[in-house]
Amino acid sequence: MDENHFPSGTPLIAALIDLHRETDDEEIRDLIEVEILTEGLGLVSVAIPEEKPVPDAPVEELLDLHDTFSRRSKTVGRYIRLRIFEELGAFEEIEMECDEAASFAVSELTDDQLRYLQSVEESGIQTLVENEFTERNLNG
């Protein structure tokens, strides 16, 4: 993957669902939920620097940077969150074309992904997928 680009849209959400399932770290899970909402609602762009800052930073250092910068700039905070997910291996299996940003469509998620998001105890995420969840009759 190009070091100055991250996946977006449905591929990003799918990768984050997988990472959310795999981790027990509550801080990471909280950041994933924030990112799913941010991408799902199209709230904040990603600040992409010309050069990758602190390229060899471990996850712990990136978490500290996120705590510092996410309050100052939502776009920088989002960049750091995506770097954290990248360092945790969330994007290793994603093929992406760097010239085009993918859009997010709830309808592109699998039934399993929708069920998982509906089970996450974040009301914003539940609201994001509610209509599609009901339309597919996944309630039972």
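Only the coordinates and a few stated rules stand behind these numbers; no lab work does. As the structure is a prediction and not an experimental result, all values here were calculated from the model. Note that each Cβ is placed from the backbone with ideal geometry, even for glycine, and that neighbours are counted across all protein chains shown.
I need the semi-axes of the equivalent ellipsoid of the range 28-85: take the C-alpha gyration tensor, multiply each eigenvalue by 5, square-root it, list largest first in whole angstrom.
Semi-axes, largest first: 18, 13, 10 Å.
Using helices alone, I'd like the mean residue ellipticity at 222 nm for the chain: each DSSP H run of four-plus residues gives -39500 (n - 2.57), total over residue count, nearest 500.
So the helix-based figure for the chain works out to -17500 deg cm²/dmol.
Tell me, what is a quarter of the convex hull surface for the C-alpha atoms of the chain, in nm² with one decimal?
Seen from a random direction, the Cα hull of the chain projects 8.4 nm² on average.
Can you tell me which of 117-123, 52-58 comes out highest on packing, and rank the rest after it, using the mean Cβ neighbours within 10 Å?
Sorting 117-123, 52-58 by mean packing, highest first, produces 117-123, 52-58.
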